[in-house]
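Have a look at the structure below, then the notes.
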Amino acid sequence: MDFKIYAQPQVQRKIVIAEGRIQDGDAEKFKAFAKMADRDDEALVVLVLSSPGGNVEAAFRVVDAMDKVRVYTVVPDNATCASACASILFASGERRSIVGTGMLGFHSCYQRHGRSYVEDSLCNEIIAANAMQRGISQVAINRFVKRYGAQNMAWVGRDIACKSLPGLCKPGLLETRYETKTSLTQSWREAGTQHQIFTR
């Protein structure tokens with residue numbers, strides 16, 4: 001993933017933005033950027049996610065780092081967080097928000113054998129255990145593991161994710177306050193412009 005520190009002018013805090021595929025080395029990069037970020041009123045580092053997914057083992061190493069830092073995961077307006085991004089990174093935030101038209105994409109774990117894909121039941125069990133440990137219901141998890149295969153993606157927006165999948169959304173103060181929720185949307189649209197400080 002590519003990480004950035006973004007100084008959000010309205011909220012007056014530096015937040016971490018993570019984009020791209022999850023791969024080896026991302027945990028170390030995240031830890032370095034988290035040290036440069038500010039914390040919200042609940043002492044959480046805000047991690048904005050936009051990723052198609054990637055390596056499951058690398059994602060869990062990022063989660064280990066997230067647990068030490070304490071993180072508020074956000075999928076912003078006009079962004080997608082799919083596969084390992086949704087089922088592992090987003091689900092592991094102490095607080096979890098989907099803003100505006102942000103989308104989560106879920107499917108079952110798989111192993112690739114030549115040109116075919118085989119469901120990886122152990123991987124699914126590990127992901128489910130992690131999610132349940134963080135207050136996400138087994139019903140919400142099984143809905144995707146059982147109904148969507150390796151090559152199918154279930155896309156869900158805020159309404160379905162937060163109203164029909166118990167425990168998946170766990171909004172923090174940044175979302176519940178109108179002015180900061182609006183600022184989060186602006187953060188994503190403006191990131192990469194004059195307010196971006198560091199990239200790696």
The pairs in LYS4/LYS163; LYS4/LYS68; LYS31/LYS170; LYS29/LYS163 lying past 25 Å Cα-Cα in this model are LYS4/LYS163; LYS29/LYS163
Calculated FRET value between ARG39 and GLU125, using beta carbons and R₀ = 45 Å, to 0.05:
0.85
Taking the Cβ of ARG21 as the centre, find all other residues whose Cβ is under 14 Å away and add up their charges (Lys, Arg: +1; Asp, Glu: -1).
-4
ARG112 paired with ILE160, simple spin-label distance in nm, labels 7 Å along Cα-to-beta-carbon:
2.6 nm
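Read the figures in this text as sums done on the coordinates, not as results from a lab. Because the structure is a prediction, the values reported are computed rather than measured. Glycine gets a Cβ as well: all are built from the backbone with ideal geometry, and neighbour counts include every protein chain shown.
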